[in-house]
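Every read-out reported here was derived from the displayed coordinates using simple, explicitly stated rules and does not represent laboratory data. Everything numeric in this text was worked out from a predicted model, so none of it was measured. We place every Cβ from the backbone using ideal geometry, glycine too, and count neighbours over all the protein chains shown.
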Amino acid sequence: MSALVFIGGGGHGRACLETARSAGLTVAGFVDRDPQADMQGAPWLGDDNWLNEATGGQRFLITVGQVKSAAVRVRLYDQLKALGLPLATLIASTAVVSPSARLGEGSAVLHHALINADADVGANCIINSGALVEHDAVIGAHSHVATGAIVNGGARIGSRCLVGSRAVVLQGVIVADDVVIGAGAVVTADINEAGTWVGVPARRVS
């Protein structure tokens, strides 16, 4: 199997690095603007410009985190696609992904996450540690389901969304693109417009 190149040397990069190593995967190194980024001994390969000169035999995973916006992850994904560089999909050894679930290219499923039957996770997503994506749920491309968050059965999360830590999206609820759901929020009804939603039940604050 070809070696992994991580794009992003921050905390999420280190989490993915440990996840890959625990799964026995080979890591070629990381790409970051800071050559001194702490990536636990993984070699620095260069900054974003290095991608323009990358050769074959490697797979790429975007390990820039996503808190307020997916814009950087989307830009890097588009750059990799334009260059024809293959994206990896990372699944932690302790994660459970149903055989009937679909997982898009470039997505990462971290430790103790669960993706249940017939769930559909788009490209370049983060399903973070302890997150739960229930049966028949849909997660749009470039979205992040944060630590301990729950997306219940049949719910649909749009593209470029963040479901914050320990947030809950109830069964069948539909969430528009570009929505941030705050930590601990409970989404009980459809969200039809972009913005930040917090509280129980979730309400728009910006």
Exercise. About its Cα centre, what dipole magnitude does the chain give when the only charges are +1 on Lys and Arg Cβ and -1 on Asp and Glu Cβ, stated in debye to the nearest 20?
Worked result: 240 debye
Exercise. Please identify the trypsin sites (Lys or Arg not before Pro) of the stretch 1-99 that satisfy two criteria: DSSP loop assignment and at most 12 other Cβ atoms within 10 Å. Which are they?
Worked result: R33, K68
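Can you give the charge dipole size of the stretch 3-88 about its Cα centre, rounded to the nearest 20 debye, using +1 on the beta carbon of Lys and Arg and -1 on the beta carbon of Asp and Glu? Write out the running numbers ahead of the final one.
Details: 8 positive and 8 negative charges, 60 e Å.
Roughly 280 debye, rounded to the nearest 20.
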Problem set entry | Computed label-point distance, nm, for sites D47 and L170 using a 7 Å Cα→Cβ extension | 4.9 nm
Seminar exercise, completed: For mean projected area of the Cα convex hull in nm² the list reads (1) 14.8; (2) 12.3; (3) 10.5; the calculated value is entry (3)
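If each residue's Cβ is checked for other Cβ atoms within 10 Å, how do S159, S2 rank with the fewest at the top? Please list the in-between numbers first.
Values: S159 19, S2 14.
Sorted ascending by nearby Cβ count, the order is S2, S159.
Rank the residues H112, H12, H144 as a footprinting-exposure proxy: fewest other Cβ atoms within 10 Å of their Cβ go first.
Numbers: H112 16, H12 21, H144 26.
Ranked by crowding around the Cβ, least crowded first: H112, H12, H144.
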Exercise. Could you put V198, V133 in order, starting from the residue whose Cβ has the fewest other Cβ atoms within 10 Å?
Worked result: V198, V133
Problem set entry | Options A113, T19, F60, ranked by Cα towards positive dipole end of the chain, top entry (Cβ charges) | A113
For this session: Rounded to the nearest 10 degrees, what's the angle between the helix 11-22 long axis and the longest principal axis of the chain, both from Cα atoms, 0 to 90?
Result: 70 degrees
For this session: Mind pulling the angle between the C-alpha long axis of helix 71-83 and the longest principal axis of the chain? Nearest 10 degrees, somewhere in 0 to 90.
Result: 50 degrees
